[in-house]
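Student: Below you'll find the structure I mean.
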Amino acid sequence: MEMAISPKIEVPKILSEDRVKSFIENGYISVPDLITPDEIGELKRDTVTIARGGYPCEGIKPFPKELSDEEVLQRILCIHQPHYVSPLMERYVRHPKICGVLSQITAAHIPYWDGSVKCMQSLLFVKPPGFQGQAWHQDEIYIPTRDRSLIGAWIAIDDATTENGCLWVIPASHRTGYLYPQRSHGNPDEFDGVDHESHGFDESKEIPVEVKAGTVVFFNGYLLHRSRKNRSGIYRRVLVNHYCNAWSLLPWQLREGERPANADWRRVISVAGIDPYAWKGYERSPKEVWLRTCKAAQEKDGKEGDQRRKSMAEFVKVANTGDLKPGSAKFVEVGEVQIALFNIDGNYYAIDDVCTHSGGSLSEGWIVEDEVTCPLHGAIYNIKTGEVAGPPAPRGVAKYNVRVRGTDVEVEV
């Protein structure tokens with residue numbers, strides 16, 4: 001078999017040698033004015049389009065038309081993988097200037113690196129006033145590379161300040177390559193529903209990274225960073241895309257037959273240089289996004305949720321028996337309830353589709369016996385009970401009664 005590589009993608013060189021060295025030393029750099037005001041405007045408009053369900057996808061149900069754009073945005077903390085559904089968001093994954101910087105710094109710590117880069121994730125933070133931040137963490141805990149090359153490109157859509165929840169970093173905390181242990185942060189008023197934080201280091205060394213809209217902050221996957229609650233009266237919108245050296249395998253999720261040593265997530269986009277593993281092909285991205293939640297979002301929707309829960313449950317047909325083979329799952333929706341339906345050895349089970357860790361779709365997860373692994377960060381749930389079977393999920397998901405009548409599969413909702 002011929003091991004074909006992809007054609008080379010040429011990108012401009014943006015940074016001076018000194019700035020590249022600064023990134024290697026400190027683990028982050030801010031590059032102002034990389035995004036123009038016009039580009040900021042189209043990112044804001046596309047955020048509304050995504051939030052209103054303007055792109056057909058699972059994961060976001062269109063809000064009632066009577067709600068204003070402002071009312072819609074005020075309900076959202078973060079949308080995972082917007083580039084899966086939005087052509088414009090995918091265009092920013094490939095933004096020439098951003099990718100030009102990436103081609104200079106992503107794996108600059110590795111001798112003979114040729115500047116090749118690939119992308120595996122995008123996160124669109126809306127973070128309205130009053131919404132929580134993210135506790136201390138290192139991104140490589142969630143997205144592991146083989147060569148410490150994970151990098152975030154944090155595109156400021158609004159000015160980011162200490163008041164509205166800018167990034168805080170510990171400079172040079174990436175140098176050793178040590179992944180700090182995690183524990184429950186226990187502070188849902190300050191940080192989001194991902195109830196874990198890294199610990200075991202000197203927090204007094206942290207500094208704020210306040211930037212103007214249009215700035216892009218680049219940071220290594222081992223850099224300790226966090227953000228606090230938005231205590232201002234304005235949004236703190238950010239598009240964060242994650243990349244790594246294209247020469248690194250990406251053992252993000254283990255597929256059947258893979259081992260950690262050879263696992264390679266292929267739902268990626270080549271953005272600079274070459275893809276040496278192009279001969280493996282690419283996994284098609286699902287037309288689906290995921291919503292991350294926090295205490296403020298839950299409180300805002302709590303009243304409506306209470307009303308839904310008080311309504312009388314009834315069995316509703318969601319599928320035919322022929323729709324699911326044993327060992328498979330299907331996303332179904334009943335009203336506003338998003339459900340993952342499973343066929344395990346001919347028996348049907350239903351649980352909430354949304355992972356409690358960071359909003360991954362469990363119907364897209366990896367099924368082994370009676371457990372499903374979230375496709376985002378590997379949280380494991382018992383399919384029959386909805387209980388947590390493995391971290392980092394902070395709690396289980398709801399389960400639903402299922403019955404089969406003839407060829408109809410019905411769920412009690």
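Student: Say whether the condition of being among the hydroxyl-bearing types (Ser, Thr, Tyr), assigned to a loop (DSSP other than H, G, I, E, B) and in contact with a Ser or Thr (Cβ under 9 Å, 6 or more places away or on another chain) is met by at least one residue in region 88-100.
Tutor: Within region 88-100 (the criterion being among the hydroxyl-bearing types (Ser, Thr, Tyr), assigned to a loop (DSSP other than H, G, I, E, B) and in contact with a Ser or Thr (Cβ under 9 Å, 6 or more places away or on another chain)), the answer is no, since none of the residues qualifies.
Student: If you check 79, 143, 155, which single one turns out to be in a loop (DSSP other than H, G, I, E, B), under 27 Å from residue 285 (Cα atoms) and under 19 Å from the mean Cα position of the chain (by Cα)?
Tutor: 143
Student: Among the residues in region 228-249, are any surrounded by 22 or more Cβ atoms within 10 Å (Cβ to Cβ), among the aromatic types (Phe, Trp, Tyr), in contact with a Phe, Trp or Tyr (Cβ under 9 Å, 6 or more places away or on another chain) and part of a strand (DSSP E or B)?
Tutor: no
Student: When you go through 354, 334 one by one, which is the residue that is modelled with pLDDT under 95 and more than 15 Å from the chain's Cα centre (by Cα)?
Tutor: So the residue among 354, 334 that is modelled with pLDDT under 95 and more than 15 Å from the chain's Cα centre (by Cα) is 334.
Student: Right, here's the next one. Kindly indicate whether residue 343 is touching a Phe, Trp or Tyr at 6+ places or on another chain (Cβ under 9 Å), at pLDDT 95 or above and farther than 18 Å from residue 59 by Cβ.
Tutor: yes
Student: Can you name the residue in region 30-58 that is touching a residue at least 40 places away in the same chain (Cβ under 8 Å) and β-branched (Val, Ile, Thr) and, of all such residues, is surrounded by the fewest Cβ atoms within 10 Å (Cβ to Cβ)?
Tutor: The extreme case among them is 36.
Results for (1) part of a strand (DSSP E or B); (2) among the β-branched types (Val, Ile, Thr), shown as yes or no for each residue.
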site	(1), (2)
316	yes, yes
331	yes, no
340	yes, no
350	yes, no
356	no, yes
359	no, no
372	yes, yes
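Student: Same structure again: Restricting to region 1-42, give me the number of residues that are under 20 Å from residue 246 (Cβ atoms) and at pLDDT 95 or above.
Tutor: Residues that pass the stated criteria total 11.
Student: Scan region 210-253 residue by residue and report those that are farther than 18 Å from residue 155 by Cβ, at pLDDT 95 or above and among the hydrophobic types (A, V, I, L, M, F, W, C).
Tutor: Scanning region 210-253 gives 224, 246, 247, 249, 250.
Student: State whether one or more residues within region 274-281 are surrounded by fewer than 14 Cβ atoms within 10 Å (Cβ to Cβ), at pLDDT below 90 and more than 22 Å from the chain's Cα centre (by Cα).
Tutor: No, the conditions are met nowhere in region 274-281.
Student: Report yes if residue 264 is assigned by TED's automatic domain parsing to the domain that holds residue 171, surrounded by 22 or more Cβ atoms within 10 Å (Cβ to Cβ) and part of a loop (DSSP other than H, G, I, E, B), otherwise no.
Tutor: No: the conditions fail for residue 264.
Student: Among (1) in contact (Cβ under 8 Å) with a residue 60 or more places away in the chain; (2) in contact with a strand residue (DSSP E or B) (Cβ under 7 Å, 6 or more places away or on another chain); (3) on the phi < 0 side of the Ramachandran plot, where does residue 27 come up short?
Tutor: Status for residue 27: all satisfied but (3).
Student: Sticking with this one: Only one residue in 11, 20 is surrounded by 16 or more Cβ atoms within 10 Å (Cβ to Cβ) and touching a Ser or Thr at 6+ places or on another chain (Cβ under 9 Å). Which one?
Tutor: Selected residue: 11, the only one of 11, 20 that is surrounded by 16 or more Cβ atoms within 10 Å (Cβ to Cβ) and touching a Ser or Thr at 6+ places or on another chain (Cβ under 9 Å).
Student: Quick test for you: out of 219, 201, pick the one residue that is in contact (Cβ under 8 Å) with a residue 12 or more places away in the chain and part of a strand (DSSP E or B).
Tutor: Just a single option satisfies the conditions, and that option is 219.
Student: Another question, then. Hey, among 38, 33, which residue is of a type in the set (D, E, K, R), in a loop (DSSP other than H, G, I, E, B) and over 25 Å from residue 192 (Cα atoms)?
Tutor: Going through 38, 33 in turn, the sole match is 33.
The values are calculated or read from the model by the stated rules, or taken from the named source; none is laboratory data. Quantities reported herein were computed from a predicted structural model and do not represent experimental measurements. Please note: Cβ atoms are built from the backbone with ideal geometry, for glycine as well, and neighbour counts cover all protein chains shown.
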